[in-house]
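First up is the structure itself, then whatever we jot down about it.
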Amino acid sequence: MPTPLELIRKKRAEAVGRIVGKGYLSTKRVYVGMATCEIAAGSKEVMEVFQKAISRGLTDVYLSQKGCAGRCNLEPTVEVIEAGKSPVKYGKVDKERAQQIIERHLKNGEVIQEWTID
Amino acid sequence: MTATYRIIVCDGTSCINKGSRKLTDLLRQELDKHGLTDQVTIGLSGCLGMCDKGPIMVVNPGYTIYGGLTESDIPEIVEEHLVHGRAIARLAIQEDHLYNRFFRVFGDAKFFGHQMRITLRNCGIIDPESIDDYLSLRGYEALAKAITEMTPQEVIAEVQQAGLRGRGGAGFPTGLKWKFTAAEKASPKYVICNADEGDPGAFMDRSAIEGDPHTVVEGMAIGGYAIGASKGIVYIRAEYPLAIKRITKAIEDARAHGLLGDHILGSDFSFNIEIRLGAGAFVCGEETALIHSIEGSRGMPRPRPPYPSVVGLFGQPTLINNVETWANIPVIVLDGANWFKTVGTETSKGTKVFALAGKVVNTGLIEVPMGTTLRQIIYDVGGGIPFGKKFKAVQTGGPSGGCLPEQYLDTAIDYESLAKAGSIMGSGGMIVIDEDSCMVDIAKFFLEFTQNESCGKCTPCREGTKRMLDILTRITEGRGKPGDIEKLERLGNMIKKASLCGLGQSAPNPVLSTIKNFREEYEEHINEKHCRAGVCKKLLTYQITEKCVGCGACRKACPVNAISGSAKNMHVIDQDKCIKCSACFNTCKFDAIAKV
């Protein structure tokens, strides 16, 4: 009989497998803030823009929601993470900015500096 | 090279002592030599918690941690890693610690660089509704470790040794609380998570649950194992629907994975969690009132002792901790008490989450090591006061805390230092106040809140806060009398001493601390009927200055016809008629109306 510690390690491996199965290893991972504060600032609409783009054929993107990172005055926030590159953190993302992030960053690899958080 | 690197050098005391600042200088020189200054940015961080391996340097992207660095290592890092993109295995520390995971994504941003994240380690980097995300970051491994390798006594000893103290505000040693509850013979026992966050402007617990609910669930399960309880309750206020949804889902998912319920992970330990909603009464954050509320009675406190660890929910021994306290537990179990206690001050270990708000450039949810100074929080993390205004005070601890003026800015925060300065740690509200705010008005705001939320059980709190509020209202309306300040002090001290629970015992704090630190503002209000910040409307007079062009806009805006004057001539305000509504002030396009 495996110990709880062995069991949890197995569960962890399975969880990682499931996440990878959902496309975690895609070139770009996109995280949209979806805590109460972010939603109040309009992040649901932003999420929908990304969802729609994926349903319309945007590929190689892993989309996830996330909790509050803590940047209240810059919400909604969106991160684009690529292996081997610095994670890009966008602030005050609205529908229009989300669309631009899709066109310029996700499709063409351009980091839109003026919207990033430092 | 195409990639831009960001390097974070640990600027904690231990790393500085080991020469980190010299290394930073050297790094800058080397970058300059290679012409990389524009492509590599260097940031300093607060203590990264790896003191035994210092000096520490983190290279992003990749979160490569270099430790034990000497001066001769710097050229190699620049040449190999930054120029050729080859991380140096010899210098890299392989650490899969739980804390600071957040920094793998956010570590290079200035705002986050000064922080240290234990409680909020996963907040903002994982999908809070996915148990897979949590499991993949060693989720529930602490629970498994406790069940597999540790006896309940060992778990308690670990928490005690870590020096963790209650994050709800009072700072009672958590391990001791666990020990007392574990020592009780009665059965069943209960575990409660206090998520009844009610301070105005505070949102630490909400964000923690919304961002990483499983941490709280795991912490509670470990607590249940340690004290021998099989039932846990999350008491959360109904105003937090998203937090409720997420923690409910977390509990269901954990159950589906065999991480809650009977025979957790095939062991003999069984533990279940259910949720109780609070109706939003501030007093229900007090543990005995909270317990009454769960039992179905009116949310009112009772005298202690007996403490809930002896007589708690339904008369049984009960372990009750705050959200933030619970979220620390998995880290203590997995990363160890020995590591945990390296963070913080002599008396207060670990980190504290604050909701930074008010007149500060970067408002937000922050987590910093105990011992960080108020100045570091407000200026380094918070980015200072906006619009070039002058700092006046910082309010900590919400309606139970106090306002600290400039001379306390270099106070290294922990439970003792804040109390000594005349405020409290509290649950983590932190409001920055600039010169445009009136301290009497702020004291009144907080007292209005506590007076409203007083449950009415004991007289000092019920009647005393009301009388204090009467006096404060009088002062802000220009009807203050000599002796009012002394009366407020006497009443305040009486309420503090004679009230039954923490609400009453701390309710006068905002008033007493502002009297202590800003007495001259009270005196001005009373003696000169003057509010220097121009906030107390009834003490203001509006006057039209020579800038007036006689456009008549203010005359038309005035709802009581107090302004007279003919076209193109300077207008005047009849002070007897003026109701001080500010309509003229807001209407004037020529900046010709002054508040005096």
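The values are calculated or read from the model by the stated rules, or taken from the named source; none is laboratory data. Remember, predicted model here, so these are calculated numbers, not experimental data. Glycine also receives a Cβ, built like all others from the backbone with ideal geometry; neighbour counts cover every protein chain displayed.
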Next item on the list: Evaluate the following for B:THR372: is it under 26 Å from B:THR347 (Cα atoms), among the β-branched types (Val, Ile, Thr) and free of Cβ contacts under 8 Å to residues at least 60 places away in the same chain?
Entry: no
Next item on the list: Mind counting the residues in region B:251-269 that are in contact with a strand residue (DSSP E or B) (Cβ under 7 Å, 6 or more places away or on another chain) and closer than 16 Å to B:TYR190 by Cβ?
Entry: 2
Checklist line | Residues located in region A:97-117, provided they are of a type outside the set (Val, Ile, Thr) and either closer than 20 Å to A:CYS37 by Cα or buried (at least 19 other Cβ atoms within 10 Å of the Cβ) (or both) | finding: A:ARG97, A:ALA98, A:HIS105, A:LEU106, A:TRP115
Notebook entry, point to check: Filter region A:1-33 for residues that are basic (Lys, Arg) and facing another protein chain (nearest Cβ under 7 Å); which is surrounded by the fewest Cβ atoms within 10 Å (Cβ to Cβ)?
Noted result: A:ARG18
Next item on the list: Please enumerate the residues belonging to region A:1-40 that are under 16 Å from B:ILE131 (Cβ atoms) and among the hydroxyl-bearing types (Ser, Thr, Tyr).
Entry: A:TYR24
Check: Given the conditions (1) closer than 30 Å to B:TYR140 by Cα; (2) away from chain A (no Cβ under 14 Å), which single one is not true for B:GLY388?
Finding: (1)
Note to self: Residues that are under 21 Å from B:PHE112 (Cβ atoms) and either among the hydrophobic types (A, V, I, L, M, F, W, C) or over 36 Å from the mean Cα position of the chain (by Cα) (or both): does region B:73-91 have at least one?
What the structure shows: no
Checklist line | Filtered residues of region B:453-475 (kept if in contact (Cβ under 8 Å) with a residue 24 or more places away in the chain and closer than 12 Å to B:ALA507 by Cα) | finding: B:GLU453, B:SER454, B:PRO460, B:CYS461, B:GLY464, B:THR465, B:MET468, B:LEU469
Next item on the list: Output the residues belonging to region B:146-174 that are assigned to a helix (DSSP H, G or I) and either of a type in the set (Phe, Trp, Tyr) or within 14 Å of chain A (Cβ to nearest Cβ) (or both).
Entry: B:ALA146, B:ILE147, B:THR148, B:GLU149, B:VAL155
Note to self: On the basis of being within 17 Å of the chain's Cα centre (by Cα) and modelled with pLDDT of 95 or more, does B:ALA393 make the cut?
What the structure shows: yes
Margin query: For B:ARG167, only one of the following conditions fails: (1) within 18 Å of B:PRO369 (Cβ to Cβ); (2) out of contact with any strand residue (DSSP E or B) (no Cβ under 7 Å at 6 or more places or on another chain); (3) among the charged types (D, E, K, R). What is its number?
Written below: (2)
Notebook entry, point to check: Has region B:467-474 got at least one residue that is buried (at least 17 other Cβ atoms within 10 Å of the Cβ) and of a type in the set (Ser, Thr, Tyr)?
Noted result: no
Checklist line | Residues (closer than 20 Å to B:GLY492 by Cβ and assigned to a loop (DSSP other than H, G, I, E, B)) located in region B:410-424 | finding: B:GLY422, B:SER423, B:ILE424
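Yes/no per residue for (1) under 21 Å from the mean Cα position of the chain (by Cα); (2) buried (at least 22 other Cβ atoms within 10 Å of the Cβ):
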position	(1), (2)
B:THR119	yes, yes
B:ASP127	no, no
B:TYR140	no, yes
B:ALA146	no, yes
B:VAL155	no, yes
Margin query: Can you say whether B:ASP253 is in contact (Cβ under 8 Å) with a residue 40 or more places away in the chain and under 21 Å from B:GLY285 (Cβ atoms), as far as the supplied structure shows?
Written below: no
Item checked: Exclusive hit being under 15 Å from B:HIS214 (Cβ atoms) and assigned by TED's automatic domain parsing to the domain that holds B:GLY169, set B:ALA254, B:ALA279 -> B:ALA254
Check: What are the residues in region B:124-145 that are part of a loop (DSSP other than H, G, I, E, B), more than 7 Å from chain A (Cβ to nearest Cβ) and among the hydroxyl-bearing types (Ser, Thr, Tyr), if any?
Finding: B:SER130
Next item on the list: Of the conditions (1) farther than 30 Å from B:PRO460 by Cα; (2) under 37 Å from the mean Cα position of the chain (by Cα), B:THR587 clears all except one; give me its number.
Entry: (2)
Margin query: Please return the ranges of helices (runs of 4 or more DSSP H) entirely within region B:491-587 where 1 or more residues are exposed (fewer than 13 other Cβ atoms within 10 Å of the Cβ) and outside the structural domain of B:VAL394 (by TED's automatic domain parsing).
Written below: B:509-523, B:553-557, B:583-587
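Matching residues to (1) within 14 Å of chain A (Cβ to nearest Cβ); (2) of a type in the set (A, V, I, L, M, F, W, C); (3) over 25 Å from A:GLU82 (Cβ atoms); (4) assigned to a loop (DSSP other than H, G, I, E, B):
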position: B:CYS15; (1), (2), (3), (4): no, yes, yes, no
position: B:ASP25; (1), (2), (3), (4): no, no, yes, no
position: B:ARG28; (1), (2), (3), (4): no, no, yes, no
position: B:LEU48; (1), (2), (3), (4): no, yes, no, yes
position: B:ASP52; (1), (2), (3), (4): no, no, yes, no
position: B:PRO55; (1), (2), (3), (4): no, no, yes, yes
position: B:GLU80; (1), (2), (3), (4): no, no, no, no
position: B:ARG90; (1), (2), (3), (4): no, no, yes, yes
Next item on the list: Tell me which of these B:HIS97 doesn't satisfy, since it passes every other one: (1) touching an Asp or Glu at 6+ places or on another chain (Cβ under 7 Å); (2) surrounded by fewer than 20 Cβ atoms within 10 Å (Cβ to Cβ); (3) within 14 Å of chain A (Cβ to nearest Cβ).
Entry: (3)
Notebook entry, point to check: Among the listed residues B:GLY280, B:GLY261, B:GLY315, which satisfies the condition of being modelled with pLDDT under 95 and over 23 Å from B:LEU164 (Cβ atoms)?
Noted result: B:GLY280
Note to self: With the requirement that a residue be facing chain A (nearest Cβ under 7 Å) and within 24 Å of B:MET370 (Cβ to Cβ), what does region B:106-119 give you?
What the structure shows: B:PHE106, B:ALA109, B:LYS110, B:PHE111
Notebook entry, point to check: For region B:208-244, what are the residues that are of a type in the set (D, E, K, R) and within 14 Å of chain A (Cβ to nearest Cβ)?
Noted result: B:GLU210, B:ASP212, B:GLU218, B:ARG237, B:GLU239
Check: So, in region B:154-204, of the ones that are hydroxyl-bearing (Ser, Thr, Tyr) and in contact with a helix residue (DSSP H, G or I) (Cβ under 9 Å, 6 or more places away or on another chain), which residue ends up farthest from B:ASN272 (Cα to Cα)?
Finding: B:THR174
Checklist line | Output for region A:1-35, where each listed residue is out of contact with any Lys or Arg (no Cβ under 6 Å at 6 or more places or on another chain), of a type in the set (Ser, Thr, Tyr) and closer than 14 Å to B:ASP127 by Cα | finding: A:TYR24
Next item on the list: Among the candidates B:ILE222, B:ILE227, B:ILE236, single out the residue that is crowded, with 24+ Cβ neighbours inside 10 Å, out of contact with any strand residue (DSSP E or B) (no Cβ under 7 Å at 6 or more places or on another chain) and closer than 18 Å to B:ILE320 by Cβ.
Entry: B:ILE222
